[in-house]
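Trainee: Here's a structure for you.
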Amino acid sequence: MLEQLERCEAYLVSIDEKLGVIADCCLKLVPDYPVEKTPVPDPEPVLRDAGYTCERVGISESTLLRCQQRGEIEVAKRAKGKKYFRDEDVERLRKSYRGIE
């Protein structure tokens, strides 16, 4: 029984040495084959409805419509008869409309 354990231990040491050689070879290959990074999708933009936009900027709905017609803000989405604007566009309009830097 002792002989079998010694043979198993010797066998395991041999396997461990071979795995070390394999690992070294793999590490040498890594610079030659860089891993391609998976592109991370952009997060969904925060959308604000016209009511929020008017309140945030401090304008009426008719003024918001004029801003749209002048190209100062763009409708990002229309759903169920409502207009939605990207939050970043709302903030940009607020700053430009109010003269905030």
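A short reminder: the numbers here are calculations on the coordinates, not readings from a lab. This structure is a prediction, so every number in the text was calculated from the model and none was measured. Here the Cβ positions follow ideal geometry from the backbone for every residue, glycine too, while neighbour counts run over all protein chains shown.
Trainee: Hey, what do the phi angles of the range 91-100 turn into as Karplus ³J(HN,Hα) couplings, whole Hz, using 6.51/-1.76/1.60 and θ = phi - 60°, x for Gly and Pro?
Mentor: 5, 4, 5, 4, 5, 6, 5, 9, x, 8
Trainee: By a straight-distance test (C-alpha under 20 Å), which aspartates and glutamates pair with K82 as possible cross-link partners, with residues fewer than eight away in the same chain excluded?
Mentor: E44, D49, E55, E61, E72, E74, E91
Trainee: Using only helices, what value at 222 nm comes out for the chain when you add -39,500 (n - 2.57) per DSSP H run of length 4 or more and divide by the total residues, to the nearest 500 deg cm²/dmol?
Mentor: On the way: 4 runs with 57 residues, N = 101.
That calculation yields -18500 deg cm²/dmol at 222 nm.
Trainee: Let me ask something else about it. Report the net charge of residues surrounding V13, where surrounding means a beta-carbon distance below 13 angstrom and charges are Lys +1, Arg +1, Asp -1, Glu -1.
Mentor: On the way: positive: R7, K18; negative: E6, E9, D16, E17.
Net local charge, V13 excluded: -2.
Trainee: OK, next. For V90, what charge total do you get from the other residues with a beta carbon under 15 Å from its beta carbon, if Lys and Arg give +1 and Asp and Glu give -1? Let's see the in-between values first.
Mentor: Working: positive: R48, R56, K77, K82, K83, R86, R92, R94, K95, R98; negative: D49, E55, E61, E72, E74, D87, E88, D89, E91.
My count for the surroundings of V90 gives +1.
Trainee: Starting from the amide H of R48, placed 1.01 Å from N in the peptide plane, find each other amide H under 5 Å away whose residue is 5 or more places distant or on another chain.
Mentor: Under 5 Å from the amide H of R48: F85, R86, D87.
Trainee: Starting from the 7 Å offset along Cα-to-Cβ, what nm value, one decimal, do you get for the label separation of I15 and S60?
Mentor: Reported label-point gap for I15 and S60 is 8.2 nm.
Trainee: Can you work out the Karplus-derived ³J(HN,Hα) for every residue in the range 52-60? Use 6.51 cos²θ - 1.76 cosθ + 1.60 with θ = phi - 60°, whole Hz, and x for glycine or proline.
Mentor: 4, 4, 4, 5, 5, 7, x, 10, 8
Trainee: With charges set only on the Cβ (+1 for Lys and Arg, -1 for Asp and Glu), what does the dipole of the chain come to about its Cα centre, in debye to the nearest 20? Mind dumping the intermediate values first?
Mentor: Details: 18 positive and 20 negative charges, 282 e Å.
Computed charge dipole of the chain: roughly 1360 debye.
Trainee: In nm, to one decimal, how far is the C25 label point from the R98 one, both placed 7 Å along Cα→Cβ?
Mentor: 6.6 nm
Trainee: When P(r) over Cα pairs in 5 Å bins from 0, in percent is calculated directly from the model, which label among (1) 3, 14, 26, 28, 19, 8, 2, 0; (2) 2, 13, 20, 20, 16, 11, 7, 6, 3, 1, 0; (3) 2, 10, 14, 12, 7, 4, 4, 4, 4, 4, 5, 5, 5, 5, 5, 4, 3, 2, 1 fits?
Mentor: Given (1) 3, 14, 26, 28, 19, 8, 2, 0; (2) 2, 13, 20, 20, 16, 11, 7, 6, 3, 1, 0; (3) 2, 10, 14, 12, 7, 4, 4, 4, 4, 4, 5, 5, 5, 5, 5, 4, 3, 2, 1, the structure-derived one carries the label (3).
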